[in-house]
Amino acid sequence: PPETRAAASARPRSGPAPVTDVARLCVCDLLVAQCDVNCCCDPDCSAADFSLFTTCSVPIVTGDSRLCSQKAAIYSLDVKANPPERIFQLIDHVNPSVFCIHATNYKQALSFSSPEMPTAENFDQLLKEFGSASFSAEPDSWNMNTDAQNPSDANDTYRYEYGVPIQTVDAFLRLPSPVVSSWCSDANPAGFLVNQATKCIRSVSLEKCGNIEEVSMLFYINSSILAVNITVRSIVVQSLNGMRTLLNGSDVLRLPTILDELCVNIVLGVSYHITYTDAGEITEAAAAFVLGAINKEALSIQQSFEISFTQVNTKPVPLSGNPGYVVGLPLRAGFRPQGYPCPVEILFAALILNTNKYSQLTILQSTSNQDCLAAQGARTPILFGYNMISGCKLRITAAMKCQPLTQTLLDLLKGQSFPEYVASFGNSQAQDVLNWVPITHLHTSEQRIYNTFQSSCQIPVSLEIEVKWTKYGSLVNPQARIVNVTAMITTTTLKQLPSGRERTIPITSSVVFTDISSPAEPGYKAWPTINAKLPFDFFFPFV
Amino acid sequence: TSLLREILNNSYQLSSVPLQLLFYVNGIYYIFYFLATLAMIVYKSQVFSYPDDFLGPDLALLFIMAILEVLRLYLGSNGNLTEEEAPLGLSLVITVGSVILSVYFLVWQTYVLKADVIINAVLLFTYGLESVLKVIAIAAFVS
């Protein structure tokens with residue numbers, strides 16, 4: 001808000017002025033507007049309270065006792081009176097010593113000096129004076145740094161730090177999230193540079209279609225981040241059966257309306273994408289929506305929200321570890337395009353709804369319907385450290401031809417774009433060729449007996465990816481480093497079936513991570529040697 | 001008899017004996033004053049917060065006062081004994097400077113302790129008495 005900015009850049013303030021009047025000073029007055037027990041100097045106590053005290057915890061309040069003459073406030077309880085009452089006396093306290101301070105011409109002599117409050121202008125000078133092992137007695141110059149930046153410019157954009165809630169014109173940018181239960185709460189502010197992804201349930205009904213504002217697009221792009229408007233990057237419409245289509249024109253604001261007994265244009269997901277500069281200012285904000293529809297039976301919908309931050313002029317490359325791979329993060333893989341000496345990472349074009357997992361190296365995902373040919377290309381990314389196995393059943397009929405079937409199965413097992421290189425470290429850059437490990441391909445056949453007259457069809461039935469990794473770096477904090485990746489395809493002979501017969505064979509794919517770090521070897525000290533030299537003159541008379 | 005009368009009359013001796021006595025006592029007292037003030041400044045610098053740009057002037061003025069005092073007492077004593085009014089007059093002028101310095105140590109010092117007040121008051125009283133006697137002596141010498 002502008003007022004905090006103005007206050008923050010005000011001139012250096014000092015703390016509150018010290019209280020020096022002994023009649024008003026009370027160190028036992030700790031409770032505000034309440035009477036402290038046995039505190040005779042507390043102004044909040046009444047005569048009735050004083051009659052209940054047993055003693056005065058602070059009997060005398062004086063200034064510096066080294067002064068020759070000073071005022072002193074004496075508090076005591078007169079227990080003889082009925083009821084007991086407090087006696088307050090203000091007297092002059094005389095120091096009998098001949099070395100008492102009669103006068104002083106140095107103002108800061110007898111009290112602590114209030115330290116200067118650091119602000120943007122005097123911070124450098126204070127740091128020079130107090131920032132080293134010993135304080136310098138007097139700073140070199142007291143003038144303010146004239147070429148310091150002026151942060152209190154009204155037109156300046158607000159600078160953020162990590163974790164600070166992003167401010168909009170009225171409050172904060174909100175990312176609805178589940179709080180205690182799974183129901184959405186709108187009070188979760190989005191923090192700067194904090195990537196979040198949340199899913200929560202919101203209750204809806206067909207009758208209140210246009211009235212619930214949290215399911216309409218307007219709610220999410222209405223609040224403009226200070227000086228930056230939220231633009232709509234893309235809109236995906238999801239139908240009742242889950243099919244998603246990307247809309248061409250994304251400028252139109254689609255509000256929930258009732259259409260054919262369905263409430264359409266309900267917000268099912270929002271993905272914010274904020275661009276920032278390295279000074280901490282937000283330059284751009286875009287939102288991608290997934291809109292859906294509900295019918296009259298629907299009582300609640302699940303909304304998913306996401307926010308991600310990108311520095312301006314950089315392309316975000318997600319790391320899977322820094323430098324070693326982190327268990328659970330996807331393997332990074334790439335291929336070397338024709339003519340380029342360096343591997344280029346496969347980067348999916350930013351999906352409409354970022355799914356956080358990057359499909360660089362994937363294996364077949366088992367589906368509930370275990371038919372390989374109807375698998376619909378569902379794949380799951382390979383995560384470091386997680387051994388996976390998946391499979392499907394292939395129904396072979398007589399009519400299937402060998403070569404197309406082989407190709408289909410290879411596509412099924414390997415996926416659409418099987419990479420050639422895997423990153424050795426979680427943070428390997430695409431330019432460093434040496435940090436990338438090539439994938440070794442092996443072919444084996446299931447039949448042990450190798451028939452040299454192999455004219456029959458060999459179809460791949462299993463893909464096994466073995467990732468060998470080792471521990472790298474210090475013993476205290478070992479980093480995982482991939483050393484070798486082998487993709488082994490096992491083929492089997494496809495015997496020709498008589499027509500009308502069918503056969504079902506299982507197709508499997510698996511990923512295994514093997515730790516090949518060498519174990520610790522015991523070390524021994526050198527064997528002790530026997531120092532068996534006789535003294536020089538042992539055979540004295542004869543030598 | 002004239003010699004006897006002169007000895008008895010003291011009429012040829014214009015030097016003031018009380019003034020000479022006072023110079024002597026002043027010298028001894030000033031040594032005590034100087035040592036006491038120096039010791040107290042050292043004590044103050046240890047016990048209180050005494051930054052360098054307050055300590056420096058105080059010490060400098062004390063040493064200047066000591067030098068002035070030596071000069072003053074020498075000139076005064078010399079002038080009184082030789083019955084010359086010039087050194088005695090110069091001594092009177094220097095006394096003014098010493099009085100100012102004593103007032104500084106009484107009022108404008110960084111820390112004025114009660115002991116400071118006492119010894120500076122005594123010193124000022126001595127200076128006052130001395131000045132009166134010097135004026136009388138100068139009047140006697142001139143005439």
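The values are calculated or read from the model by the stated rules, or taken from the named source; none is laboratory data. Source: prediction; values computed, not measured. Here the Cβ positions follow ideal geometry from the backbone for every residue, glycine too, while neighbour counts run over all protein chains shown. We work out accessible area using only protein heavy atoms, side chains counted, and drop any ligands, DNA or RNA first. Shrake-Rupley method; radii C 1.70, N 1.55, O 1.52, S 1.80 Å.
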Completion exercise
To the nearest Å², the heavy-atom accessible area per residue of chain A with 1.4 Å probe amounts to 63 Å²
Practice task
Take the Cβ-Cβ distance between A:SER445 and A:LEU246 as r, set R0 to 56 Å, and report the resulting FRET efficiency rounded to the nearest 0.05.
Solution key: 0.80
Problem - A:SER462, A:SER445, reordered so the largest accessible area comes first (probe 1.4 Å) - result: A:SER445, A:SER462
Exercise for the section: Using per-residue counts of other Cβ atoms within 10 Å, averaged over each peptide, order A:267-276, A:529-538 from highest down. Expected result: A:267-276, A:529-538
Handout entry: Rg(Cα)/(2.2 N^0.38 Å) for the protein assembly as shown, N = residue count
Key = 1.84
Fill in the blank from the handout: With all protein chains in place and a 1.4 Å probe, A:GLU213 shows an accessible area in Å² (nearest 10) of 100 Å²
Fill in the blank from the handout: For the table A:LYS199/A:LYS393; A:LYS107/A:LYS128; A:LYS71/B:LYS114; A:LYS199/A:LYS414; A:LYS128/B:LYS44, the rows whose alpha-carbon distance is greater than 23 Å are A:LYS199/A:LYS393; A:LYS107/A:LYS128; A:LYS199/A:LYS414; A:LYS128/B:LYS44
Exercise for the section: Work out how far the C-alpha atoms of region B:2-143 reach from end to end along every principal axis, then list the three figures in whole Å, largest first. Expected result: 69, 22, 18
Problem - Proximal lysines relative to A:LYS525, as straight alpha-carbon distance under 27 Å, when same-chain residues fewer than 8 apart are discounted - result: A:LYS471, A:LYS533
Exercise for the section: With the Cα gyration tensor of region A:164-311 in hand, convert its eigenvalues to equivalent ellipsoid semi-axes via √(5λ) and list them largest first in whole Å. Expected result: 27, 17, 13
Fill in the blank from the handout: Restricting to lysines and to Cα separations under 19 Å from A:LYS208, and discarding same-chain partners fewer than 8 apart, the set is A:LYS296
Handout entry: Percent antiparallel among DSSP beta bridges (both partners in region A:164-311, rounded to 5)
Key = 65 percent
Fill in the blank from the handout: Computed, not fitted: 222 nm per-residue ellipticity of chain A from DSSP H runs ≥ 4 (each -39500 (n - 2.57)), nearest 500, equal to -2000 deg cm²/dmol
Practice task
At a 1.4 Å probe radius, which order do A:ASP124, A:ASP278, A:ASP64 fall into by accessible area, largest first?
Solution key: A:ASP278, A:ASP124, A:ASP64
Practice task
In whole angstrom, note down how far apart the Cα centers of region B:126-143 and region A:281-309 are.
Solution key: 105 Å
Practice task
Out of all DSSP beta bridges with both ends in region A:22-94, state the antiparallel percent to the nearest 5.
Solution key: 100 percent
Exercise for the section: Within the set of other residues whose C-beta is less than 14 Å from the C-beta of B:ILE100, count the net charge using Lys and Arg as +1 and Asp and Glu as -1. Expected result: 0
Fill in the blank from the handout: Taking Cα atoms, the helix B:85-103 axis meets the longest principal axis of chain B at an angle in degrees (rounded to 10) of 20 degrees
Problem - Straight-distance crosslink candidates among aspartates and glutamates, where the alpha carbon sits under 17 Å from A:LYS468 and sequence neighbours closer than 8 are dropped - result: A:GLU420, A:ASP515
Handout entry: Under Karplus coefficients 6.51, -1.76 and 1.60, residue-wise ³J(HN,Hα) of region A:173-190 in Hz, glycine/proline x
Key = 5, 10, 10, x, 8, x, 9, 8, 9, 8, 6, 6, 10, 8, 9, 8, x, 8
Fill in the blank from the handout: Taking Cα atoms, the helix A:402-414 axis meets the longest principal axis of chain A at an angle in degrees (rounded to 10) of 10 degrees
Completion exercise
Reduced to Cα centres, the span from region A:103-118 to region B:42-86 in Å works out to 30 Å
